Number of protein chains: 2
Amino acid sequence: MLKPVLQHLQTQADASVQRLCDFLRIPSVSTDSAYAEHVQEAAQWVRERLTQAGLQTSLQASTTHPIVMAHNADDPDLLPNAPHILLYGHYDVQPPDPLELWETPPFEPTIRSDAIYARGASDDKGQVCCMLEALAAWKQVHGHIPIRVTVLIEGEEECGSGALHQFVHEHQEDLKADVVIISDTTMWDKNTIGITYGLRGLLYYDLKLHGPSRDLHSGMYGGVLANPCNELTAVLGKLFDDQHRITIPGFYEDVLDLTDAEREQWEELNFDAKEHCLKPVGVEQPHGEAGFTTLQRKWARPACDINGLYGGYGGKGAKTVIPSFAGAKVSFRLAANQNPKTIAKAFEDWLDSHDVHGCRWERTHLGDATPVVVSQDSPFMTAASKAIEDASGKLPVLVREGATIPVVGQFKQDLGIDSLLIGFGLVDDSIHSPNEKFDLKCFHLGCRTHAALIAQLAEMAQPSAVSSE
Amino acid sequence: MLKPVLQHLQTQADASVQRLCDFLRIPSVSTDSAYAEHVQEAAQWVRERLTQAGLQTSLQASTTHPIVMAHNADDPDLLPNAPHILLYGHYDVQPPDPLELWETPPFEPTIRSDAIYARGASDDKGQVCCMLEALAAWKQVHGHIPIRVTVLIEGEEECGSGALHQFVHEHQEDLKADVVIISDTTMWDKNTIGITYGLRGLLYYDLKLHGPSRDLHSGMYGGVLANPCNELTAVLGKLFDDQHRITIPGFYEDVLDLTDAEREQWEELNFDAKEHCLKPVGVEQPHGEAGFTTLQRKWARPACDINGLYGGYGGKGAKTVIPSFAGAKVSFRLAANQNPKTIAKAFEDWLDSHDVHGCRWERTHLGDATPVVVSQDSPFMTAASKAIEDASGKLPVLVREGATIPVVGQFKQDLGIDSLLIGFGLVDDSIHSPNEKFDLKCFHLGCRTHAALIAQLAEMAQPSAVSSE
């Protein structure tokens, strides 16, 4: 059944790229309320595509951005006993700034060097389209999708997935599939698809330190009262020790150690960190927690990053001011088995343990996500491996990711189901950065892989009833 | 000769406030090139007022903002052997941001509670107008100003006085007066004028720390390379020790200690730091170098302030980015006898002594100023005391200032002359902050004092020839 679907995808190659461009033109930045209308528009766009794939669709309103839901539970011709899959993705994107560094505008998708450049091209609109194209192709070729599918495409992955969290929690019965399938990660290299069995978690804070009731002249007040910029840097400057370990008491207590088997597996990947991770972003020198390789730091160790600093005068030239506040965006990438709530408490206690000389913290918890590690040998992992071989001609490798997909931990927690993370991005896609792109080759491979995965999962149910034609 | 001048000023009271409002309407922000045209306009405005006072005027073009120069050297009727005074002020202002905190727009001067609210009201347009009104009143009443006057009103005091520096250096002969008179400081209290005999110096840097060649996703790169925000805070967080002393080696080496006489004088001022310095700006707790009072810290000890932090994401919500750079505006207030060049070298060496793990500093020296202390008992100081008594009915107190007037050190260095600093601002004027204001009472007192000072200086020359009528 797969072959004609793949053939159909081939004929649709150009049209599918045009559809992706339409999707990318919608500036669905979820974290900034100025874009709210466009976020809504992107949700509608996804819904229409899912309707075209023959699914029953709905927009699940939330207090923020809607969740697009679709399913075929009422299809009488589904293969009996086939697995029920939950396809997940997100239609929202990161803010595009700094705008001046984009070669072409972030919301005017442009194709050059066989890649499509736009905000969200790789994260995650391009990868969502891989799913949408595969579903539509099955519908087109076979009249329907042969296994039970539930689709959830949310609109606030980039700002904490608050609405989804509640939705999943409240609709556990409808959503209880056998496995979740997500495409929001990267390939191991241009020719090798990776199945990601582990993700780091996240904890994100906006920390604002308030001092004087107004901005002050640094000549009149310099040296006689606490300057929030000085105090903020004094505290945040103590986040790391000289081994670049995070100094928050108890921070590493729950971190899951790597198994010897994993260490070996990872060594066999022959990952050249300098060549493939650092040099492409202009960095010569690895820097991180002492005693670990770059790959171990990225996949298995926690990190703490200041994502932004603000406060006082940041314009051209000099302004001799003591600002009334200073702030920082501070986030943690959590390693397997760390609990965001435990770390949040430890971090807040650590902040409180520092004398800020009369200044006052305003701490805003901007979301968290539990880290995840799943078993390397489930039947779904096997089916995925076969599908990947069918679509790409090559077996996948098993990897982890340093990044976070907040819902993966939540699906596990609320629905008790594991996720299959099969991504088609490349590490040089510049996601969250200017000039984000998605290689067309990866896009088409993603479409084929999702089509093949449906075929493999269908075979899991009734091997005899499904021809491998 | 003074009495009719004071009477004239009285009749001009309302008109002089209107003239000040006209001046304040011009947004002459010198540090931001977007305002360049308005800076020019403000220079023209000052020039016209000086022409009306009967002086020969010129705009001294510079590569940046013009210097308004005026003099009466050709007046044949000047009192012989009277001192030649150099009046100095600046017509540029600080940037008005944050705009949203102004009760009325910064460049729409508004009078409420007997004060005039606008950017530059107190620093320094209002105080410049005190001089302009006094000069014009002498001209109006007596047909000319009886002593030799040179006026220099510059347009970039708020951004380093670069052009003036060169101008003074190149015109030493023309400018070599006997004393400089400056109004750019504050009164001791609402009823007591202070003569300022010491100012702190300044050293200002923009520090930008560059890391990856582009903004990165903190999930993919968190913990494996140096984050410029993390590195910047780690370095700047080490600026102070636990006694709140600046940790730069040799930093305090040249600082002039207070004399016992000064300690006593300052104690007699009965300055209530909490009540008059901290509480008005919403601060409960003094904080500064251990072992010194607030007044000593402000007037006689150096300080280091981070005036602004920037880099990465500072908008609403969360963005999980590792920025390609992070920056800080860092300035020092230098105490008497510290040399800006020595401190600049020590600071840069100190920065270089820290490992920033492959990041690269871009350091921009944005100007400096030498600290100043002048003798408490010169004949000009005596004349000023008498003039202040004539104008206010009360003798002045001798004080220092924590702030910097960069040209004071330069006049001393290039022309060999001391400055008389007689200010009419109040500490609650919110200079460099939103809602800057200048009390009308202070404005009129300033006009009278400058008029009286001309009379007293005239008397220094030929006591017999000048009636005290």
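The values are calculated or read from the model by the stated rules, or taken from the named source; none is laboratory data. Every value quoted in this text rests on a predicted model; they were computed, and no experiment measured them. As a convention, Cβ positions derive from the backbone with ideal geometry for all residues, glycine included, and neighbour counts pool all protein chains shown.
Scan the range B:286-293 and give yes if some residue there is outside any loop (DSSP other than H, G, I, E, B), modelled with pLDDT of 95 or more and within 7 Å of chain A (Cβ to nearest Cβ), otherwise no.
no
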| field | Residue list for the range B:213-246, restricted to those being facing another protein chain (nearest Cβ under 7 Å), assigned to a helix (DSSP H, G or I) and under 30 Å from residue B:297 (Cα atoms) | value | B:233, B:234, B:236
| Of A:300, A:326, which residue is closer than 23 Å to residue A:204 by Cβ, within 8 Å of another protein chain (Cβ to nearest Cβ), of a type outside the set (D, E, K, R) and buried (at least 24 other Cβ atoms within 10 Å of the Cβ)? | A:326
| request: For the range B:227-237, enumerate the residues that are surrounded by fewer than 23 Cβ atoms within 10 Å (Cβ to Cβ) and either more than 29 Å from the chain's Cα centre (by Cα) or outside the structural domain of residue B:306 (by TED's automatic domain parsing) (or both). | output: B:235
| On the given criteria, is residue A:309 surrounded by fewer than 23 Cβ atoms within 10 Å (Cβ to Cβ) and outside any loop (DSSP other than H, G, I, E, B)? | no
| Given B:25, B:49, which one is among the basic types (Lys, Arg) and buried (at least 22 other Cβ atoms within 10 Å of the Cβ)? | B:49
| Only one of (1) within 14 Å of another protein chain (Cβ to nearest Cβ); (2) under 25 Å from the mean Cα position of the chain (by Cα); (3) assigned to a helix (DSSP H, G or I) is not met by residue A:351, so which one is it? | (2)
| field | Which numbered condition residue B:392 fails, given (1) surrounded by fewer than 24 Cβ atoms within 10 Å (Cβ to Cβ); (2) modelled with pLDDT under 90 | value | (2)
| note | Only unsatisfied item for residue A:319, checking (1) in contact with a Pro (Cβ under 7 Å, 6 or more places away or on another chain); (2) buried (at least 21 other Cβ atoms within 10 Å of the Cβ); (3) modelled with pLDDT of 95 or more; (4) at the interface with another protein chain (Cβ under 7 Å from one of its Cβ atoms), is (3)
| request: Scan the range B:355-386 residue by residue and report those that are over 25 Å from residue B:163 (Cα atoms), exposed (fewer than 15 other Cβ atoms within 10 Å of the Cβ) and in the same structural domain as residue B:339 (by TED's automatic domain parsing). | output: B:355, B:360
| query | Does the range A:332-346 contain at least one residue that is facing chain B (nearest Cβ under 9 Å) and without any contact (Cβ under 8 Å) to a residue 40 or more places away in the chain? | reply | no
| note | With the first residue restricted to the range B:411-422 and required to be in a strand (DSSP E or B), and the second required to be among the polar types (S, T, N, Q) and crowded, with 20+ Cβ neighbours inside 10 Å, Cβ contacts under 7 Å at 6 or more apart or on different chains are B:421/B:185; B:421/B:196; B:422/B:183; B:422/B:449
| Which residues, counting only those in the range A:276-309, are of a type outside the set (S, T, N, Q), more than 26 Å from residue A:98 (Cα to Cα) and over 19 Å from the mean Cα position of the chain (by Cα)? | A:288, A:289, A:290, A:291, A:292
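Could you grab me the full set of residues in the range A:247-277 that are assigned to a helix (DSSP H, G or I), in contact (Cβ under 8 Å) with a residue 40 or more places away in the chain and within 14 Å of chain B (Cβ to nearest Cβ)? First the steps, then the outcome.
Within the range A:247-277, the first condition is being assigned to a helix (DSSP H, G or I), and the residues that meet it are A:260-268, A:273-277.
Next cut, in contact (Cβ under 8 Å) with a residue 40 or more places away in the chain only: A:265, A:276-277.
Within the range A:247-277, A:276, A:277 qualify.
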| Within the range A:191-212, restricting attention to residues that are surrounded by fewer than 24 Cβ atoms within 10 Å (Cβ to Cβ) and outside any strand (DSSP E or B), which residue is farthest from the other protein chains (Cβ to nearest Cβ)? | A:191
| task | Could you grab me the full set of residues in the range A:281-318 that are closer than 26 Å to residue A:429 by Cβ and of a type in the set (Phe, Trp, Tyr)? | result | A:292, A:299
| query | Hey, among the residues in the range B:266-297 that are of a type in the set (S, T, N, Q) and closer than 17 Å to residue B:333 by Cβ, which one's surrounded by the most Cβ atoms within 10 Å (Cβ to Cβ)? | reply | B:294
| If you go through the range B:210-242, how many residues are under 30 Å from residue A:372 (Cα atoms) and free of Cβ contacts under 8 Å to residues at least 12 places away in the same chain? | 4
| query | Residue check, residue B:134 against (1) over 28 Å from residue B:377 (Cα atoms); (2) crowded, with 24+ Cβ neighbours inside 10 Å, all met but one. Which one? | reply | (1)
| query | Hey, among the residues in the range B:168-184 that are part of a helix (DSSP H, G or I) and buried (at least 20 other Cβ atoms within 10 Å of the Cβ), which one's farthest from the chain's Cα centre (by Cα)? | reply | B:175
| Which listed residue is at pLDDT below 95 and in the same structural domain as residue A:348 (by TED's automatic domain parsing), from A:217, A:210, A:244 | A:217
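Listed here are the residues, each with its yes/no results for (1) crowded, with 21+ Cβ neighbours inside 10 Å; (2) over 25 Å from residue A:404 (Cα atoms); (3) out of contact with any Leu (no Cβ under 9 Å at 6 or more places or on another chain).
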position	(1), (2), (3)
A:80	no, yes, yes
A:83	no, yes, no
A:91	yes, no, yes
A:109	yes, yes, no
A:130	yes, no, no
A:144	no, yes, no
| query | Cβ-Cβ below 8 Å, separation at least six or inter-chain, first residue in the range A:62-82 and closer than 13 Å to residue A:457 by Cβ, second not in a loop (DSSP other than H, G, I, E, B): which pairs? | reply | A:79/A:458; A:79/A:461; A:81/A:461; A:82/A:457; A:82/A:458; A:82/A:460; A:82/A:461
| request: Please find, among A:115, A:43, A:121, the residue that is modelled with pLDDT of 95 or more and under 20 Å from residue A:167 (Cβ atoms). | output: A:43
| field | From the options B:387, B:403, residue that is outside any strand (DSSP E or B), more than 11 Å from chain A (Cβ to nearest Cβ) and touching a Leu at 6+ places or on another chain (Cβ under 8 Å) | value | B:387
| So, in the range B:63-75, of the ones that are under 25 Å from the mean Cα position of the chain (by Cα) and either crowded, with 17+ Cβ neighbours inside 10 Å or under 16 Å from residue B:41 (Cβ atoms) (or both), which residue ends up modelled with the lowest pLDDT? | B:64
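Okay, residues lined up against (1) hydrophobic (A, V, I, L, M, F, W, C); (2) more than 19 Å from the chain's Cα centre (by Cα); (3) crowded, with 24+ Cβ neighbours inside 10 Å:
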site	(1), (2), (3)
A:423	no, no, yes
A:428	no, no, no
A:438	yes, no, yes
A:445	yes, yes, no
A:457	yes, yes, yes
A:460	yes, yes, no
